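Below is one structure; the comments refer to it alone.
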Amino acid sequence: SLYSYGTIRAGEKAGHDFLVYNDGTKPLIIRKVKSTCGCIKSSVTKSEIAPGEAGIIHIDFDSFGKEGKDSRVINVYLNDPLLPEIKLEINGVVVR
């Protein structure tokens, strides 16, 4: 899943809610949300999503000290044996 925040000024924050839907028959558990950059903060509405329900992973990108094209990947680890990991991406351009 990809979210593009367009162009923002350095120091501004960009946020997005990624929807995670459980179309399986067992509870979907979000085990971990991980990014390689301290500029990304994440929060999860619920770590266990019942079948037929959805949860939200909220991602905040802090552009302080960044410049130019920027792309960040967030790894989400799940208990689903068929899809143990999903990648979320947030990108755009940071101008001074």
**Message:** Where the second residue is surrounded by 11 or more Cβ atoms within 10 Å (Cβ to Cβ) and the first is free of Cβ contacts under 8 Å to residues at least 12 places away in the same chain and lies in segment 75-96, which pairs have Cβ atoms under 9 Å and are six or more apart or on separate chains?
**Reply:** Leu82/Gly24; Pro84/Arg31; Pro84/Tyr77; Pro84/Leu78; Glu85/Asn75; Glu85/Val76; Glu85/Tyr77; Glu85/Leu78
**Asked** Within segment 44-71, can you find the residues that are among the polar types (S, T, N, Q) and either outside any loop (DSSP other than H, G, I, E, B) or within 11 Å of Val20 (Cα to Cα) (or both)?
**Response** Thr45, Ser47, Ser71
**Message:** Can you pull out every residue in segment 1-48 that is more than 18 Å from Asp80 (Cβ to Cβ) and among the acidic types (Asp, Glu)?
**Reply:** Glu12, Asp17
**Prompt:** Could you list, in sequence order, the residues of segment 44-75 that are under 10 Å from the mean Cα position of the chain (by Cα) and either among the small types (Gly, Ala, Ser) or farther than 20 Å from Gly92 by Cβ (or both)?
**Reply:** Val44, Ile56
**Request:** Report yes if some residue within segment 30-37 is among the small types (Gly, Ala, Ser) and touching a residue at least 40 places away in the same chain (Cβ under 8 Å); otherwise report no.
**Result:** yes
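Matching residues to (1) at positive phi; (2) of a type in the set (Lys, Arg); (3) more than 12 Å from the chain's Cα centre (by Cα); (4) assigned to a strand (DSSP E or B):
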| position | (1), (2), (3), (4) |
| --- | --- |
| Gly6 | yes, no, yes, yes |
| Ala14 | no, no, no, yes |
| Thr25 | no, no, yes, no |
| Gly38 | no, no, yes, no |
| Ser42 | no, no, no, yes |
| Val94 | no, no, yes, yes |
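None of the figures in this text is laboratory data; all of them are computed from the coordinates on show. Everything numeric in this text was worked out from a predicted model, so none of it was measured. A quick note on method: Cβ atoms are made from the backbone with ideal geometry, for glycine too, and the neighbour counts reach across all protein chains shown.
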